[in-house]
Amino acid sequence: MKMFRRGYGAAMLAIVAASVAAPTEAFNLKTPATFLTNAFSKQLGKVQNEPFTPSALFMSTIEEPLTAGSTKTVEQYVKERGGNLPIKKVLIANNGMAATKAILSMRQWAYMELGDERAIQFVAMASPEDLKANAEFIRLADSFVEVPGGVNRNNYANVELITKLAIEQGVDGVWPGWGHASEKPELPESLAANGIKFIGPTAPVMSVLGDKIAANILAQTAKVPSIPWSGSFGGPDDGPLVADLTPEGTIPKETFQKGTARTVEEAIETARRIGYENGIMVKASEGGGGKGIRFVDNEEDLKNAYIQVSNEVVGSPIFIMQLCKNARHLEVQIVGDEHGNAVALNGRDCSTQRRFQKIFEEGPPTIAKPDTFKYMQKAAQRLTQNIGYVGAGTVEYLYNADTDDFFFLELNPRLQVEHPVTEGITGVNMPATQLQVAMGIPLYNIPQIRQLYGKEDMYGTDKIDFLEEDYKPIDSHVIAARITAENPDEGFKPTSGTIERIKFQSTSNVWGYFSVGANGGIHEYADSQFGHLFAKGANREQARKALILALKEIEVRGEIRTTVEYLVELLETKEFIENTIDTSWLDGLIKEKTITVGQPDDLTVTSAAIFRAYQHVKDRTAEVSESLAKGQVSTSGIPGINSFNVEVAYKDVKYPFHVERLANDVFRFSVGDSVIDARVTETAEGALLATFGGETHRIFGMDEPLGLRLVLDGVTTLMPSVFDPSELRTDVTGKVVRYLQDNGANVEAGKPYVEVEAMKMIMPIKASESG
């Protein structure tokens, strides 16, 4: 393992709107030979244009308690606010979006509250893949330790490794984020044994609530409504399973086992008892984020789904649950402290999902009746308070808008990626709140929470009864969109590769952040999400329109595909505008291919021909210039610069173009009886501005192994250069985990023939032709 250190630099100052760079640390001869100064960051690649540019709406503005230029130590703040554990150095046991957001948010809080953005030091874990991808969180951290590459059990989910690093680096606390080891009870247990604070719930509570099976048993014990599942089939004599916690605070093993499906046969039997009428969910109790979950409606698919879930979340218990139709996915953001307090910070509507992974998140949830959602919040508070939950978490419900009924889904004992929605509507910095709770500060002494509850003295210490008192009315709406490296044309398959540039400009009501920088990329072991945008308005419609405008302006250039154009189309559907969607809505659109993103075929083909022609001229001109520079006076290559042929293949049709250059920047294209003149100019960033047919279009192209990736006016199209039906190809980078067909067997078009693990997901690859 290698350790590196660097200054925080301009990233923090962008957040606090300052313009003076932080000092670069000098080389220290007492450190290891691999210890480098901030200059090393230049070797990791230039920082993207605007990785994170929060507006005043995002930054949790509070009255500055310090006099101009003054600072306060962490020890002073903790003592004043009634805490007991100053945390001055934190290991970020995560990567990507989680690590980026944690450092940015806690830096912001440290500067705004303490007057010193360097009051807390951050140590990052960096895999070789993240270093190569120019991951943003590595640049932001004060120092990083290089860890083994590959799958997350080698690094970010390795409890033994995280504990070892925490001890070696002398940190006071470990921030786990989401995913990876964030829900492994072994981590807080191991850290506690070594006197290091886990910034999250205790191990016994995490064991109960972090496991979806145990959480359902606990909810049933507390008489929270649940839908039929392995622990309650729905019949009069089928449960529900209930349990008294053991002295260690866990569900008795024999009770827990009754809620699991330990084999395919047990899963089949449970599904038969529940019934396939509404559909069946196969879920890993330790899954999350769309991983370890499958929907089936027949026994044959159930067998395959069970194996897929087993491979996707290795070692996790599996259970079966009935699909709740016409349901909305509503969640309540809760925070508990070690003093027995629990607060609900409103919630979010995450009903726009595909493959059970959220696409849009918004808050507050306007679909639920105000009194019903208030009851859901209070129920979440009581549930977490009764078990002594400490830290941030999310209680998730399924809500039926027609009947006003709700059912407990799960409790995630961690922060979730969509937490900035809550920040936007409440003004509470969630990672900073996690940090303060870990420092032993009571919730009623945290200034931003006091401000939310309308306390005149936000730095007072009078107690708040969170179960009896209500926070101030929410007067705004926030909608978030996840930016992912996925191909919406092929069922949202994850893609990986380099990213040359991310162009995004925050406005007064739209902000966002990204986990990669310029000249970075998304590697095969990363999560597919690399960006998150948030739009705020006085109401849902204003927020929706602001988000659409922001998405239309964003530009991601590189080898990956993104869902940006598809998200715009979704936001403009009648169902989303009228808020009549449910959790199955998007999967239905994808199955029926109701929404397609693309340009007219003639415009796409012409633009591809323009790109090919311009590249031809550019390459041939360079060759002739190089020959002349070497003293070779042959002019045989010059005619081919001004008159040549290019070929474009699109949708199984080949288009042979003849090209003539009429001027330095004017091309004439002939195909069949059609003739098109185009004026082409290359911008400094490599895009082509082509004017033809009375319109100007922006064209960018990139040749790949499978063909030409054409970006035309922001819409991406892959145009295969070679099509051989005897070859089965995919642009997914990953590892084959299971063959679904025997060697030499026939395959049918549209049927899966192999399963691949890529970007933490197990996905089937389908045959494009029969044979």
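The values are calculated or read from the model by the stated rules, or taken from the named source; none is laboratory data. None of these values were measured; they are calculated from a predicted model. Cβ atoms come from the backbone with ideal geometry, glycine included; neighbour counts cover every protein chain shown. Side chains included, ligands, DNA and RNA excluded: accessible areas come from the protein's heavy atoms. Shrake-Rupley method; radii C 1.70, N 1.55, O 1.52, S 1.80 Å.
Quick notes on this structure:
- Accessible surface of the chain, 1.4 Å probe, proportion on carbon and sulfur as whole %: 50
- log₁₀ of I(q)/I(0) at q = 0.12, 0.13, 0.16, 0.22 Å⁻¹ - the stretch 460-605, Debye sum with one point per alpha carbon: -0.61, -0.70, -0.97, -1.43
- The residue among I522, L551, L140 whose Cα reaches farthest toward the positive pole of the charge dipole of the chain, with charges on the beta-carbon of Lys, Arg, Asp and Glu, is L140.
- Cβ charges +1 (Lys, Arg) and -1 (Asp, Glu), total dipole of the chain, debye: 1540
- Using the Cβ-Cβ distance between T621 and D652 with R0 = 22 Å, the FRET efficiency computed as 1/(1 + (r/R0)^6) comes to roughly 0.10.
- Net charge dipole size for the stretch 439-491 [Lys, Arg +1 and Asp, Glu -1 on Cβ; Debye, nearest 20]: 240
- Normalised per residue, the accessible area of the chain is 41 Å², obtained with a 1.4 Å probe and no contribution from ligands, DNA or RNA.
- Under the convention that each Lys and Arg Cβ holds +1 and each Asp and Glu Cβ holds -1, the size of the dipole of the stretch 473-515 around its Cα centre is about 140 debye.
- If you take the Cα centroid of the stretch 531-582 and the Cα centroid of the stretch 290-343, the two points sit 26 Å apart.
- Between the labelled values (1) 1.01; (2) 1.19; (3) 1.25, the entry that holds Cα Rg over 2.2 N^0.38 Å as derived from this structure is (1).
- MRE, 222 nm, helices only [DSSP H, n ≥ 4, -39500 (n - 2.57), over the chain, to nearest 500]: -8000 deg cm²/dmol
- Förster radius 60 Å - calculated FRET efficiency between K503 and A222, Cβ distance, rounded to 0.05: 0.75
- If the convex hull is drawn through the Cα atoms of the stretch 309-376, its volume per residue in Å³: 156
- Among V208, A401, I502 the positive-end extreme of the charge dipole of the chain (Cβ point charges): I502
- Applying both filters, DSSP loop and at most 10 other Cβ atoms within 10 Å, to the GluC sites (Glu not before Pro) of the stretch 253-305 gives E277.
- Cross-link pairs exceeding 18 Å in C-alpha to C-alpha distance, out of K184/K212; K291/K751; K378/K472; K212/K258; K164/K197; K132/K164, comprise K291/K751; K132/K164.
- Taking amide H as placed 1.01 Å from N in the peptide plane, the amide H of Y513 sits under 5 Å from that of H532, each at least 5 places away or on another chain.
- With 0.36 nm allotted per residue and the present C-alpha distance subtracted, the T461-D703 stretch has 80.9 nm of extension available.
- Modelled FRET efficiency - R0 45 Å, N386 with E541, Cβ distances, 0.05 increments: 0.70
- Comparing S670, Q632, G598 along the charge dipole axis of the stretch 587-686, the residue lying farthest to the positive side is Q632, per the Cβ-charge model.
- Of the trypsin sites (Lys or Arg not before Pro) found in the stretch 310-393, those in coil by DSSP whose Cβ has at most 13 other Cβ atoms within 10 Å are K325.
- Once you reduce the stretch 170-207 and the stretch 500-517 to the center of their Cα atoms, the two points are 31 Å from each other.
- For the stretch 251-279, backbone nitrogen atoms closer than 18 Å to the point 7 Å from N400 Cα along Cα-to-C-beta are found at 274-279.
- Neighbour cut-off at most 15 other Cβ (10 Å), DSSP loop, chymotrypsin sites (Phe, Trp or Tyr not before Pro), the stretch 621-728: F723
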